[in-house]
1. Considering region 101-115 alone, what residues qualify as being open to solvent by less than 60 Å² (accessible area, probe 1.4 Å) and more than 18 Å from S139 (Cβ to Cβ)?
2. Considering only residues that are among the β-branched types (V, I, T), free of Cβ contacts under 8 Å to residues at least 40 places away in the same chain and in contact with a Phe, Trp or Tyr (Cβ under 9 Å, 6 or more places away or on another chain), which ones fall in region 72-121?
3. Mind telling me which of the residues D65, D73, D98 ends up being open to solvent by 80 Å² or more (accessible area, probe 1.4 Å), acidic (D, E) and under 17 Å from the mean Cα position of the chain (by Cα)?
4. Need a quick list: strands (runs of 3 or more DSSP E) entirely within region 57-171 having at least 3 residues that are of a type outside the set (D, E) and modelled with pLDDT of 85 or more.
5. What number of residues within region 76-95 are crowded, with 17+ Cβ neighbours inside 10 Å and of a type in the set (S, T, N, Q)?
6. Can you tell me which residue within region 124-150, out of those that are among the small types (G, A, S) and farther than 19 Å from L56 by Cα, is most open to solvent (accessible area, probe 1.4 Å)?
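The values are calculated or read from the model by the stated rules, or taken from the named source; none is laboratory data. Everything quoted here is computed from the prediction, not taken from an experiment. Cβ coordinates were reconstructed from backbone atoms using ideal geometry, including for glycine residues, and neighbour counts include every protein chain displayed. What goes into the accessible areas is simple: the full protein's heavy atoms, side chains included, and nothing from ligands, DNA or RNA. Shrake-Rupley method; radii C 1.70, N 1.55, O 1.52, S 1.80 Å.
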Amino acid sequence: MATHTAAYIFGKAAANAAVKAGHAIRAIPRTFVEKAGEGHRSGATEGDMKGQQIILNDLSAQFPDALFLGEEDSAHPRALPKENPVWLFSGGPHFVVDPTDSTTRYGNYMAGWSVGIGIMKGGEITGSVIYAPADNEGSLVVAETSKGTHLYEWDEARGRCHFGDVLRRIP
């Protein structure tokens, strides 16, 4: 039986959460609202909020002691304040979440946006997951410190990415 590293286990969970969030937010209407005081290039959509909530709920259910630093404000009990997220640098696993990187492209129904999750332990990045649901019917990049970076393509017929047991089937 294969023994997996903690980073692999956290990465698998983050990949599942990113794909689930990406599929959910790809299907909802996209109204871009400029964030007050941040200018026309900084905004949010319902997809930003929904994606972050899906990720926080999924990962906190699996890792109840994990903390989260998200791009969007959140009332989630495990979410850290953006102004001073000092707890992110101790213990772990902790997750850094960008529910829709390139919200402008997402809001305009263009490709080139993604869901990103960084994984931290002991104050260091140990892995990351980036899922781009609108590129090539879905592209997933998974990286783990000292293990490399891997690109996987979505297989619509199989309902999952081409990489063995890493992702469960997404309904």
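1. T103, G107
2. V96
3. Answer to the selection: D73.
4. 68-70, 94-101, 114-121, 124-132, 139-144
5. 0
6. S146
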